[in-house]
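Input: a single structure, listed below in structure tokens.
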Amino acid sequence: RTEFALKEIMSSGGAEDDIPQAERKTVTDFCYLLDKSKQLFNGLRDLPQYGQKQWQSYFGRTFDVYTKLWKFQQQHRQVLDNRYGLKRWQIGEIASKIGQLYYHYYLRTSETSYLNEAFSFYSAIRQRSYYSQVNKEDRPELVVKKLRYYARFIVVCLLLNKMDVVKDLVKELSDEIEDYTHRFNTEDQVEWNLVLQEVAAFIEADPVMVLNDDNTIVITSNRLSETGAPLLEQGMIVGQLALADALIIGNCNNQVKFSELTIDMFRMLQALEREPMNLASQMNKPGMQESTEKPARRENPHKYLLYKPTFSQLYTFLAASFKELPANSVLLIYLSATGVFPSGRSDSEGPYDFGGVLTNSNRDIINGDAIHKRNQSYKEMHCLHPGDLYPFTRKPLFIIVDSSNSVAYKNFTNLFGQPLVCLLSPTAYPKALQDQSQRGSLFTLFLNNPLMAFLFVSGLSSMRRGLWEKCQDYLRKINRDIAQLLTHSRSIDQSFLQFFGDEFLRLLLTRFVFCSATMRMHKIFRETRNYPETYPQLPRDETVENPHLQKHILELASILDVRNVFLENTLDDY
């Protein structure tokens, strides 16, 4: 390919003999690097998506070649312009591939600093207008490259919470799509318009807006910050397990999504990442750490993001995570999925008798939440049953199920004596809140952004920044108190405390208790199925129905002037 390309280039650039040897070598080297980079990049598709070791050396080689290619075209731009006819969109293509490499590196490592690198390459393409000439060429496939670049850039900006940039990009993409469909009359017009609709719905999924004094929207981040998780205090006896791996699974019908991320998956992945920090700013901060707190571990747990997986895909990734889980580590499984209910009455009450959550059947999924099958003597096949997870309870397992059949996972059995906790969503919400399910689950919102969820159930849709920050401070105090309730409880199952040493799991557990206590006190949440549950059960009177915690929730409601939404004397109502 390279020799052919060279002949083409040289013949179009004048007589072959007129070209100095050095310039000829420059073009040859560039063509070689370009070919090599494309080859390696295409090979990335063939790497297994699971398993953390096999891909690293291949990624490293690909990065090296792209780095050389990028520097080479910068150093020899004039020769390549004159002799190779290098176009600006081709430079844009190289930058776009480097941005994609960084993004995929983030997906494989969960390290948010790689997202910032992807962002800087994608930004450079836009600032330097590398793709601006594409529209003048009569080649629809080049315009599609440009549109795909926009879609990828939007995903990175969403993950970095750069919503102002997202809005600009959506507007530009909309204009580009209009121009593209007008000029080429293509069949993929509907698909590109769907991309626009999806991202618009994604941006508007948050049910509450936080506003500055000039009415601009405040962008709130929900990654773990230094002050996020309540610190461990003197006398708190907790386990030393660390969250090392997480499977985030999204299989809800009709939920807002963009790319292969549902809004629930998007929220949960942020709850399992630290705020990207400037490393210089975290040095030399005396007095930041309590004497009982170990120095902060900087890594994020590794994650697999699975959108609508089949059972076999889900099991393969689960087995890979289980196999590679280091000693003294926890595997987290987050399931946001449509409920699958048992179709026949069963005489037994085993781990396959209560249904579970939906896995993809590779066919069009029947709409509606309850999926029934005809033959009542068999179990549901396209379903992850509680029993399917039993083999993996040989290692510490932390499960979160957000589904209309989450209670199926209440019938768990801890066979191997390893730490095991399931946090289970309500199976139904009061009618007044049901129309929100498309914009993400309320339960997951509580785990990701508890204050926003609290405002939403209190009927508030916007809030001034000053009041938001005051409430966030108060919520931190509530979290500290919940941490004390859990660690001082005399009857709590030890599994909860085994997980409590990890910052991410500690925050999820305290937010869960806050969510459950809020729903139990709320006037319209009156049925048992409106409340979240756990396996093993939490001692209610010491945690989710603790009078001290209830007082705090009423106090938070008073700050927001929504106390009338909550019951004053909840203890009398039971």
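The values are calculated or read from the model by the stated rules, or taken from the named source; none is laboratory data. For clarity, every value in this text was computed on a predicted model and none was experimentally measured. Note that we place each Cβ from the backbone using ideal geometry, even for glycine, and neighbour counts take in every protein chain shown. Heads up: the accessible areas ignore ligands, DNA and RNA and are worked out on the full protein's heavy atoms, side chains in. Shrake-Rupley method; radii C 1.70, N 1.55, O 1.52, S 1.80 Å.
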Worksheet item: Under a point spin-label approximation (7 Å from Cα along Cα-to-Cβ), what is the Asp18-Asp46 distance to one decimal in nm?
Response: 4.2 nm
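Quick check: with the 1.4 Å probe, what order do His548, His76, His488 take by accessible area, largest first? Provide the component values of the computation, followed by the final result.
On the way: His548 90, His76 55, His488 110 Å².
Final ranking, largest accessible area leading: His488, His548, His76.
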Item to complete: Would you work out which of Leu485, Ile524, Gln550 lies farthest towards the positive end of the dipole of the range 447-568, given +1 charges on the beta-carbon of Lys and Arg and -1 on that of Asp and Glu, about the Cα centre?
Response: Ile524
Response to the item:
About its Cα centre, the chain carries a charge dipole, from +1 on Lys and Arg Cβ atoms and -1 on Asp and Glu Cβ atoms, whose size in debye to the nearest 20 is 840 debye
Practice prompt. Rounded to the nearest Å, what's the spacing between the alpha carbon centres of the range 486-523 and the range 189-258? Just the number, please.
Written response: 20 Å
Worksheet item: Using all Cα-Cα distances in the chain, what percent lands in each 20 angstrom bin from 0 up to the longest?
Response: 18, 49, 26, 7, 0
Fill in: Nearest-0.05 FRET efficiency for Lys431 and Asn254, computed from C-beta distance (R0 25 Å)
0.90
Worksheet item: Which value, in Å² rounded to 10, gives the accessible area of Glu233 with a 1.4 Å probe and all protein chains present?
Response: 60 Å²
Worksheet item: If you roll a 1.4 Å probe over the chain with all protein chains in place, what percent of the accessible area is carbon or sulfur?
Response: 48 percent
Fill in: At most 10 other Cβ within 10 Å, DSSP loop - GluC sites (Glu not before Pro), the range 120-191
Glu187
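Please list Arg394, Arg274, Arg439 in order of solvent-accessible area, largest first, computed with a 1.4 Å probe with all protein chains present. Mind dumping the intermediate values first?
Numbers: Arg394 130, Arg274 20, Arg439 80 Å².
So the residues, ranked largest to smallest area, are Arg394, Arg439, Arg274.
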Worksheet item: If you take the charge dipole of the range 19-207 about its Cα centre, with +1 on Lys and Arg Cβ and -1 on Asp and Glu Cβ, which of Leu86, Ile125, Phe184 is farthest toward its positive end?
Response: Leu86
Worksheet item: If you wrap the range 179-280's Cα atoms in a convex hull and average its projection over all directions, what's the area in nm²?
Response: 12.9 nm²
Item to complete: Go ahead and collect, in residue order, the members of the range 117-142 whose backbone nitrogen is under 14 Å from a label point 7 Å along the Cα-Cβ direction of Arg88.
Response: 124-137
Fill in: the chain: relative contact order in percent, alpha carbon pairs under 8 Å with at least 6 residues between
13 percent
Practice prompt. Once you have the Cα-Cα distance between Thr67 and Asp188, take 0.36 nm times their residue separation minus that, and quote the gain in nm to one decimal.
Written response: 40.2 nm
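Rolling a 1.4 Å sphere over the protein heavy atoms, what is the accessible area per residue of the chain, to the nearest Å²? Intermediate values should be presented prior to the final figure.
Working: 27130 Å² over 574 residues.
Value for the chain: 47 Å² per residue.
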Worksheet item: Can you give the FRET efficiency for Asp541 and Thr227, using 1/(1 + (r/R0)^6), R0 = 35 Å, r = Cβ-Cβ distance, to the nearest 0.05?
Response: 0.70
Discussion item. Starting from the Kirkwood Rh over alpha-carbon pairs, what translational D in µm² s⁻¹ does the range 19-207 have by Stokes-Einstein at 25 °C and 0.890 mPa s?
Written reply: 136 µm²/s
Practice prompt. Work out the length of the dipole vector of the range 19-207 about its Cα centre, built from +1 on the beta-carbon of each Lys and Arg and -1 on the beta-carbon of each Asp and Glu, and round it to the nearest 20 debye.
Written response: 1040 debye
Worksheet, complete the sentence: If the chain between Asp35 and Ser132 were fully extended at 0.36 nm per residue, the gain over the current Cα-Cα distance would be 32.5 nm
Worksheet, complete the sentence: Residue separation between Asn161 and Ile524 times 0.36 nm, minus their alpha-carbon distance, gives in nm 127.4 nm
Worksheet, complete the sentence: With label points set 7 Å from each Cα along the Cα-to-Cβ direction at Ile237 and Asn362, the distance between them in nm comes to 5.2 nm
Worksheet item: What do you reckon, how do Asp214, Asp168, Asp264 stack up by accessible area (1.4 Å probe), largest on top?
Response: Asp214, Asp168, Asp264
Worksheet entry | 10 Å binning of all Cα-Cα separations within the range 54-117, expressed as whole percents from 0 upward | 20, 44, 25, 10, 0
